[in-house]
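What follows is calculated from the coordinates using simple rules that are stated; it is not laboratory data. If you're wondering where the values come from, they're calculated on a predicted model, not measured in any experiment. Positions of Cβ are generated from backbone atoms using ideal geometry, with glycine treated the same way; all protein chains shown enter the neighbour counts.
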Amino acid sequence: MHTFGISLLWLGLQVTIVALSALMIYWSTNRLGPRTRSLVLSCSIGMTLLLALFAFSPWPRWQASWNANSTKMKTETAKQNPAAPTTSSPDSEVPLLEKPRLESEWGTIWDGFLKGLKQEPVLNQPNSIPTPAGVVGWMFAGGFLIAMLRLFIGFGSVNRMIRQASTLKGSVAEETLDILAAEQQLNRPLKLMEHGQLTTAAVIGWWRPKILLPTVWHQWSRVQLRAVLAHELAHIQQRDYLTILGAELSRSLYFYHPLIHWLVSRLRLEQELAADEAAAETSGGAEPYLIVLAEMAVSQTPHRLTGPARAFLPTHSTFMRRIEMLKQKRSLRTVISRPVRVMVICSLLAAGLVAAGF
């Protein structure tokens, strides 16, 4: 557990490097629209999952290669410049005064922290006295198990909700969905259902996605129903559910990291804004679409979804945040250009490789 704890501490530092790099790239693409920002966040979260795979891998390790190159250069220099024989003299035995090395207090503390991590536990030490790195390893393992248990409970709650939902075959909602799918040339099999515990619509699944509507959809107008279904179809086209699965896995793995929690929550918001952008195109523009959302917010029931299932379903707070963001009337770019996509992916790959090597 001592070695495991050290690896987890280094993994936390590596993830911090990637998260800070993603944060800088995210703010630099602030004017490029929600789809570009969503790409930045999803790639950064994917890189954190790759770092977890590299944590216990011998590759890459830049420090090991630098040490090997440094040792090789010293050996070659020693061979080329052999030391000449010298005779001892009284003067040569007098030690030269060396200039003392000045170090900051924080540098001394950091060096001591690193030396303490690298120090191996004493073989004769009783098992009842754990090392600091071992304690960290046990704490991380316990927190990860709790977070994963919560994730599995949420996933099971969503699947149980699907089993309890009623199909809407032959309804007005299904007719509207078929029209929208034909307009967007979407040939994937879709299933439309309703459930009483929901306050907003949601998409569950990525291979055979299911659209869940709240039971109050019968009170919606045709315009509202079309706007909601267009929003959910945008989530299906962008494969947002699969991205959210990876994001929640990363949040469970790095449960202790505040930057990961921020990246995941921001990713959910950017996905919603990107879907709003696509739905506004089929609803006559941003202004009519904003009016539709405001009307639905007024008529929403006070019921709030609780429990681990919130990780996979949209919440009321996210819905209200979408309205506030749409009120700002930013100019949104609907298509991500290839140079921007390549730049984002390459930048995050470079940051991930640099972080993985230390």
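Sorting 246-253, 193-200 by average packing, meaning the other beta carbons within 10 Å per residue, from highest down gives 246-253, 193-200. Proximity of backbone amide H atoms, modeled 1.01 Å from N, is registered between H195 and L213, T215 at under 5 Å, excluding neighbours fewer than 5 places apart on the same chain.
How would I336, I179 line up from fewest to most surrounding beta-carbon atoms within 10 angstrom? The partial results should precede the final answer.
Working: I336 16, I179 12.
With the fewest neighbours first, I336, I179 line up as I179, I336.
Electrostatic bookkeeping for A165 treats Lys and Arg as +1 and Asp and Glu as -1; over the other residues with beta carbon under 11 Å from its beta carbon, the sum is +3. Local charge for G205 was computed over the other residues whose Cβ lies under 15 Å away, with Lys and Arg +1 and Asp and Glu -1, and equals +4.
Taking a ≥ b ≥ c as the square roots of the Cα gyration tensor eigenvalues, segment 176-255 comes out oblate, since a/c reaches at least 1.5 and a/b does not exceed b/c.
For C43, C346, the sequence from fewest to most other C-beta atoms within 10 Å is C346, C43. The ranking of W138, W206 from fewest to most other beta carbons within 10 Å of each one's beta carbon is W138, W206.
Count Lys and Arg as plus one, Asp and Glu as minus one, and take only other residues whose Cβ is under 13 Å from that of A311; the net charge is then +3.
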